[in-house]
Amino acid sequence: MERYLLGLYEKSMPGILTLPEKLEETRNAGFDYIEISIDETDEKLARLDWSDKEIRELCNAADLTGTPVKSICLSGHRRFPLGDPDPAVQKKSLEIMQKAVALASKLGVRIIQIAGYDVYYKPSSEETRAIFADNLARSVQMAAREGVMLAFETMETEFINTVAKAAEWVNRIDSPYLQIYPDIGNITNASVLYSTDVLEDLASGRGHLAAVHLKETKPGIFREVPYGTGHVDFPSAAAKAFQLGVNMFVGEFWYTGEDNWREILRSSNSFLRAGLQKGEEMAALDGLSHREKS
């Protein structure tokens with residue numbers, strides 16, 4: 001049995017595919033599971049109102065294809081943020097969270113990745129941070145009731161763009177149902193911005209890392225960078241993640257209209273698994289070195 005699972009982000013595939021088709025393509029490309037998206041579009045937010053019949057159909061498709069749904073990327077709060085000063089938006093944000101937790105519970109999903117934003121389209125302030133703190137605490141209570149983990153994604157904005165910043169919120173809430181789900185590409189960019197060490201930042205989440213997004217980036221560029229063309233050191237990040245107890249990873253990249261998208265899925269799988277294998281070897285050697293020194 002492999003030490004880790006490698007999932008695939010749903011948006012790496014054409015949007016015209018049904019979810020059962022995406023499950024099939026995920027398996028065919030060599031990934032272990034799929035991470036589905038609930039973003040700020042009306043189409044994706046509508047998933048929060050799936051009927052029990054629709055949920056059962058997705059579970060059945062997962063069983064038939066052998067491709068489970070193990071995580072949800074919940075970015076719908078970018079449009080309806082938890083820290084928005086408008087009470088109507090706050091109400092909508094909490095409704096989204098409650099429905100997402102209920103959906104995860106019915107699907108058997110254990111991890112909901114939540115966006116590390118207090119607000120997105122409005123300026124961040126002491127007020128938005130205070131509102132965010134209150135509504136985050138409410139959200140964690142919802143998750144705890146259903147036994148579903150919420151985990152912060154490290155984002156591209158300064159509010160939570162490092163693991164260390166996410167850890168401050170996790171320690172503040174102090175619940176097993178709020179953890180950290182770093183995006184290695186985003187924290188690599190943050191390490192350039194702040195002249196810090198990306199692996200030290202990853203280690204600042206020790207004991208609180210649920211999974212890791214494997215995304216390629218370049219300084220100041222956060223999306224749609226093909227694997228191997230950016231500055232992310234995947235083997236070193238994987239080695240540190242393994243040492244910190246992470247065993248779930250998701251390849252995060254986007255379909256942008258390519259005709260050879262299936263080939264891109266397969267090549268991305270090969271690239272990421274090679275990096276993870278190298279990371280395993282590096283982690284093992286480092287562990288051996290520590291044992292020899294002791």
Discussion item. Here is a check on your reading of the model: is Lys91 surrounded by fewer than 18 Cβ atoms within 10 Å (Cβ to Cβ), basic (Lys, Arg), assigned to a helix (DSSP H, G or I) and under 20 Å from the mean Cα position of the chain (by Cα)?
Written reply: no
Item to complete: Assess whether Val192 counts as being buried (at least 19 other Cβ atoms within 10 Å of the Cβ) and modelled with pLDDT of 95 or more.
Response: no
Worksheet item: Counting only residues that are in contact (Cβ under 8 Å) with a residue 60 or more places away in the chain and out of contact with any Lys or Arg (no Cβ under 8 Å at 6 or more places or on another chain), which one in region 76-113 is farthest from Phe159 (Cα to Cα)?
Response: Ala100
Worksheet entry | Close pairs from region 142-157: first touching a residue at least 40 places away in the same chain (Cβ under 8 Å) and at negative phi, partner among the acidic types (Asp, Glu) and part of a strand (DSSP E or B), Cβ under 6 Å, at least 6 apart | Glu153/Asp183
Fill in: Qualifying residues in region 198-224 (those that are among the aliphatic types (A, V, I, L, M) and in a loop (DSSP other than H, G, I, E, B)) - the one nearest to the chain's Cα centre (by Cα)
Ala211
Item to complete: For residues that are within 17 Å of the chain's Cα centre (by Cα) and assigned to a loop (DSSP other than H, G, I, E, B), tally how many sit in region 147-175.
Response: 7
Discussion item. Regarding region 267-287, can at least one residue be identified that is farther than 19 Å from Glu2 by Cα, crowded, with 22+ Cβ neighbours inside 10 Å and touching a helix residue (DSSP H, G or I) at 6+ places or on another chain (Cβ under 8 Å)?
Written reply: no
Discussion item. Return the residues of region 47-63 that are surrounded by fewer than 17 Cβ atoms within 10 Å (Cβ to Cβ) and among the basic types (Lys, Arg); say none if nothing qualifies.
Written reply: Lys53, Arg56
Item to complete: Search region 108-120 for residues being assigned to a loop (DSSP other than H, G, I, E, B) and not hydrophobic (A, V, I, L, M, F, W, C), and hand back the single one that is surrounded by the fewest Cβ atoms within 10 Å (Cβ to Cβ).
Response: Gly108
Item to complete: Consider only pairs whose beta carbons are under 7 Å apart and that are at least six residues apart or on different chains; among these, list those whose first residue lies in region 255-267 and is modelled with pLDDT of 95 or more and of a type in the set (Asp, Glu) and whose second residue is part of a helix (DSSP H, G or I) and surrounded by 14 or more Cβ atoms within 10 Å (Cβ to Cβ).
Response: Glu258/Ile264
Discussion item. With the requirement that a residue be assigned to a helix (DSSP H, G or I) and small (Gly, Ala, Ser), what does region 9-50 give you?
Written reply: Ser12, Ala46
Fill in: Qualifying positions in region 94-122 - charged (D, E, K, R) and under 15 Å from the mean Cα position of the chain (by Cα)
Arg110
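Listed residues Ser105, Ser139; which is touching an Asp or Glu at 6+ places or on another chain (Cβ under 7 Å), within 24 Å of Val69 (Cβ to Cβ) and in a helix (DSSP H, G or I)? Please lay out each step first, then the result.
Values: Ser139 fails: touching an Asp or Glu at 6+ places or on another chain (Cβ under 7 Å).
Among Ser105, Ser139, only Ser105 is touching an Asp or Glu at 6+ places or on another chain (Cβ under 7 Å), within 24 Å of Val69 (Cβ to Cβ) and in a helix (DSSP H, G or I).
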Worksheet, complete the sentence: Of the listed residues (Leu214, Leu199), the one being surrounded by fewer than 24 Cβ atoms within 10 Å (Cβ to Cβ), touching a residue at least 40 places away in the same chain (Cβ under 8 Å) and under 28 Å from Ser268 (Cα atoms) is Leu199
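Go through Ser236, Ser204 for me and flag whichever is of a type in the set (Ser, Thr, Tyr), modelled with pLDDT of 95 or more and farther than 23 Å from Ala274 by Cα. Please lay out each step first, then the result.
On the way: Ser236 fails: farther than 23 Å from Ala274 by Cα.
Selected residue: Ser204, the only one of Ser236, Ser204 that is of a type in the set (Ser, Thr, Tyr), modelled with pLDDT of 95 or more and farther than 23 Å from Ala274 by Cα.
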Practice prompt. Would you mind telling me which numbered condition in (1) crowded, with 18+ Cβ neighbours inside 10 Å; (2) more than 19 Å from Trp254 (Cβ to Cβ) Arg27 fails?
Written response: (1)
Item to complete: Go through Gly205, Gly228 for me and flag whichever is in contact (Cβ under 8 Å) with a residue 12 or more places away in the chain and either of a type in the set (Asp, Glu) or more than 30 Å from Leu17 (Cβ to Cβ) (or both).
Response: Gly205
Discussion item. Going by what's in this entry, would Gly251 be described as over 14 Å from the mean Cα position of the chain (by Cα) and crowded, with 22+ Cβ neighbours inside 10 Å?
Written reply: no
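The values are calculated or read from the model by the stated rules, or taken from the named source; none is laboratory data. Fair warning: this is a prediction, and the values are worked out from it, not measured in the lab. Here the Cβ is made from the backbone with ideal geometry for all residues, glycine too, and neighbour counts use every protein chain on show.
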